[in-house]
Amino acid sequence: MTKHVSPPPRDNSFRSEILAGLNAPRKAVSSKWLYDDVGSHLFEAITELDAYYPTRTELGILKENVRNYRRLPGSRGAMVELGSGSSRKTNLLLSAFPDLSVYMPIDISENHLKDAAERVRRAYPSLAVIPVAADFTQPLGELPLLPELPVLVFFPGSTIGNFEKSAAAELLRNIRTAIPGATMIVGVDRPKNREVLVEAYDDPAGITAAFNQNLLQRINRELDGDIDLTLFAHKAVWNEEESRIEMHLESLREQTISIGGEKIAFEKGETIHTENSHKYSEEAFTEIAGQGGWRVLDQASDKEDKFTVYTLQAV
């Protein structure tokens, strides 16, 4: 059974946010809408690409430091995962925590969440698996956890980088409020060579492009859109000033689209800004964590300093 925590009216939320974003002076939508069932599976395919270094680099760091994570109180209580993502990372920790009582994945994509939860149930039959269908970017409220259990929050994949700095701090505050006293393992990507970053988000196989353009297909499927996908191109841009990779969908000509009868005009070259992936130095992330009410207990990076996994404590 999948628990629902303060679920928004999903179709109405999707429609209202898409229309608001596409009618803004600079067209933009939240990256969370990239992750429907199709988008979630495409993202899993992206993590297997040679060009996409974050997943394998983070996994290597987790493997090297798993003994340290066993010492965290939550390893003997409940593990809450934000985004039911790579099973390799999840299984690594679940296998290392034999005394864990509860596993709670939280994800906005309900079908993807159910599939991930079922895989864990089959692999760990003695573990209580409580999937929660919710948008964890919003305040979570009360979670269905046993209050006496210590909690470890697992937030892998550098998802924290998808948020503006102030929003990232607010997200961390919301997590601390929902799960007071928790510890957290969070993956954070670091600044690096522009060419490496752009290729990671614009792979030669075109899977990232398909992932980005799936947003347009989703609008057509769910919101009665008439978007011609051949008239939009995936674009990955390194924004040096903001230390982030940006994903855009660029209109290849002047055009007007319709979403449920509402017309939206595009100039040639105008883009929909669909995702940010901020790359944080140690100093920058430590500051954000502090603003969100967490202190850094420990950190570990790969040999090339591409990626860092932080252990945080709520304060």
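Just one residue in the set Ser277, Ser301, Ser281 is of a type in the set (Ser, Thr, Tyr), open to solvent by less than 30 Å² (accessible area, probe 1.4 Å) and within 22 Å of the chain's Cα centre (by Cα); that residue is Ser277. Among the conditions (1) in a helix (DSSP H, G or I); (2) crowded, with 16+ Cβ neighbours inside 10 Å, the only one that Asn111 does not satisfy is (2). Within the range 137-155, none of the residues are surrounded by 19 or more Cβ atoms within 10 Å (Cβ to Cβ), more than 16 Å from the chain's Cα centre (by Cα) and part of a helix (DSSP H, G or I).
Restricting the first member to the range 161-177 and to residues that are part of a helix (DSSP H, G or I), and the second to residues that are open to solvent by 80 Å² or more (accessible area, probe 1.4 Å) and polar (S, T, N, Q), the beta-carbon pairs closer than 7 Å and six or more apart or on different chains are Ala169/Gln291. The numbered conditions (1) of a type outside the set (Lys, Arg); (2) more than 16 Å from Ile245 (Cβ to Cβ); (3) in contact with a Phe, Trp or Tyr (Cβ under 9 Å, 6 or more places away or on another chain); (4) at pLDDT below 95 are all true for Asp203 except (2). Picking from residues in the range 240-253 that are open to solvent by less than 60 Å² (accessible area, probe 1.4 Å) and touching a residue at least 24 places away in the same chain (Cβ under 8 Å), the one that is farthest from Leu22 (Cα to Cα) is Ser243.
With respect to Leu223, determine if the residue is surrounded by 15 or more Cβ atoms within 10 Å (Cβ to Cβ), touching a strand residue (DSSP E or B) at 6+ places or on another chain (Cβ under 6 Å), under 22 Å from Tyr310 (Cα atoms) and of a type in the set (A, V, I, L, M). So Leu223 fails the test.
Per-residue answers, yes or no, for (1) open to solvent by 40 Å² or more (accessible area, probe 1.4 Å); (2) in contact with a Gly (Cβ under 6 Å, 6 or more places away or on another chain); (3) under 19 Å from Asp298 (Cβ atoms):
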{"residue": "Arg71", "(1), (2), (3)": "yes, no, yes"}
{"residue": "Met79", "(1), (2), (3)": "no, no, yes"}
{"residue": "Arg88", "(1), (2), (3)": "yes, no, no"}
{"residue": "Asp99", "(1), (2), (3)": "yes, no, no"}
{"residue": "Pro105", "(1), (2), (3)": "no, no, no"}
{"residue": "Ala116", "(1), (2), (3)": "no, no, no"}
{"residue": "Ile130", "(1), (2), (3)": "no, no, no"}
{"residue": "Ile160", "(1), (2), (3)": "no, no, yes"}
{"residue": "Leu172", "(1), (2), (3)": "no, yes, yes"}
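Consider the range 35-86 and keep the residues that are part of a helix (DSSP H, G or I) and among the small types (Gly, Ala, Ser). The one that is modelled with the lowest pLDDT is Ser40.
Going through the range 254-271 one residue at a time, which ones are in a strand (DSSP E or B), open to solvent by less than 60 Å² (accessible area, probe 1.4 Å) and in contact with a Ser or Thr (Cβ under 8 Å, 6 or more places away or on another chain)?
The answer is Ile264, Phe266, Thr271.
Might you check whether a residue that is among the acidic types (Asp, Glu) and more than 30 Å from Gly261 (Cβ to Cβ) occurs anywhere in the range 176-190? Yes: one or more hits.
The values are calculated or read from the model by the stated rules, or taken from the named source; none is laboratory data. All values derive from a computational prediction rather than experimental measurement. Every residue, glycine as well, gets a Cβ built from its backbone with ideal geometry; the counts of neighbours run over all protein chains shown. Surface areas here come from the heavy atoms of the whole protein model, side chains and all, with no ligands, DNA or RNA. Shrake-Rupley method; radii C 1.70, N 1.55, O 1.52, S 1.80 Å.
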